[in-house]
1. Take the Cα pairs of segment 205-348, get the Kirkwood Rh, then feed it into Stokes-Einstein at 20 °C and 1.002 mPa s and tell me D in µm²/s.
2. Are there any GluC sites (Glu not before Pro) in segment 171-243 that are in a DSSP loop and have at most 16 other Cβ atoms within 10 Å? List them by number.
3. If I take every Cα pair under 8 Å that is 6 or more residues apart in segment 204-275, average their sequence separation and divide by the length, what percent do I get for the relative contact order?
4. For the chain, build the convex hull from the C-alpha positions and give me its volume per residue in Å³.
5. Mind telling me which of 45, 131, 177 comes out most flexible in a GNM of the chain, alpha-carbon contacts under 10 Å?
6. Would you mind estimating how fast segment 216-300 diffuses translationally, via Stokes-Einstein at 4 °C and 1.567 mPa s with the Kirkwood radius over Cα pairs, in µm²/s?
7. Just to be sure I understand: if I project the alpha-carbon convex hull of segment 1-91 onto a plane and average over all orientations, what area do I get in nm²?
8. Would you work out what percent of the accessible area of segment 1-131, with all protein chains in place, is carbon or sulfur (probe 1.4 Å)?
Amino acid sequence: MPKDKVRVGFIGCGGISRAHLPHLSKWDDVELVAFCDIVVERAKKRSEEYGGGNVYDDAATMLKKEQLDAAYILIPTYAHGAPERACIEAGVHFLVEKPLGLYPDDLRKLSKEVTASGLIASAGFMNRYRKSVNRVRELLKGDTGILLDGGWIGGPPLQREGDYFANNPIGLWWPVKEKSGGQMVEQVIHTVDLARYLMGEVVEVFAFAARGFNQKLPNLVSNYNLDDAMVMSLQFESGAVGNIMSCCATQQGGGIFLNIWASKHTAKFTEWAHHVQIYRHNEPGTEEIRGDIEDIFAKEDRAFIDAVKSGDASGILCPYADGVRSTLVALAGNESVETGKPVRVRYE
């Protein structure tokens, strides 16, 4: 029987929770019943803001005590594994924000455990729900992509007054590669995921990194050891090729972009919203689609909540196992940087 209300708990109450909570708290078919964070004050604050649910500092305890239908796992990259397995043990469906982890062997194992559990599990790659992205995906079904070029170019993590990393908990772990996986894994993975979503499976990567430039800057967040920039070349199963860049070193310019060239179409995405301009062979002008800005997380969450209510997960555009595959591609880039060799992506 479909559920009238989905009882939801949050595991992790940091900044990304604010992308989900405002609309979830307004939906009549969602009840926010519990909030968990290792910094319990954060959980208390979210509870006070969004309905007064019970507060915990341990996810397993919350999952045992509360009769939840679904959980949101919104935690740093290095902390994955135990919360997902706690959801499996409790039989609670979950949406987990990207990236899904740091350790390839455990990710492959966990993906099998999630699949075997039969739970509805969504990976938080929200760009798959954008109108612009799905328009290009439909075009490429009949005109296979040949070449891809994309990247996220931004500034270094500084701790000066007003800087994002100085004023948010993410500054404690994002600049440390052993905790975040680096910019390619933690941030640019959105572009890695779109590469797979639009161009098909990646079979091999080869990557180089630039290091040592940011270390010369004043006000750099302590313990910083990310790659200042990284370039990862991709070989797709189709025979197509691609290039994805990350950079957290420039304090001037930058941005997000993704370009795809096929035989009869070219698509050029820009900005976080992934606005797109589509060019067609022998046709004047372009088709322009503005990317979803305000409601993209709501679209992703609506698909997940509807799946939990109905038991039909077909509306989820990035199931957990697929999100794991995107994570494995990004992690293969890190492996290539360290070994200096091409790396075949092992999904199984």
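1. Estimated via Stokes-Einstein, D reaches 115 µm²/s.
2. Qualifying residues, ordered by number: 201, 237.
3. 23
4. 141
5. 45
6. Details: Rh = 16.2 Å.
Rounded, D is 80 µm²/s.
7. If I average the Cα hull's projected area over directions, I get 5.7 nm².
8. Result for segment 1-131: 51 percent of the exposed heavy-atom area is carbon or sulfur.
The values are calculated or read from the model by the stated rules, or taken from the named source; none is laboratory data. What you see is a predicted model; the values in this text were computed from it and never measured. For neighbour counting, all protein chains shown are included, and Cβ atoms are generated from backbone atoms with ideal geometry for every residue, glycine included. The area values use the complete protein model at the heavy-atom level, side chains included, leaving out ligands, DNA and RNA. Shrake-Rupley method; radii C 1.70, N 1.55, O 1.52, S 1.80 Å.
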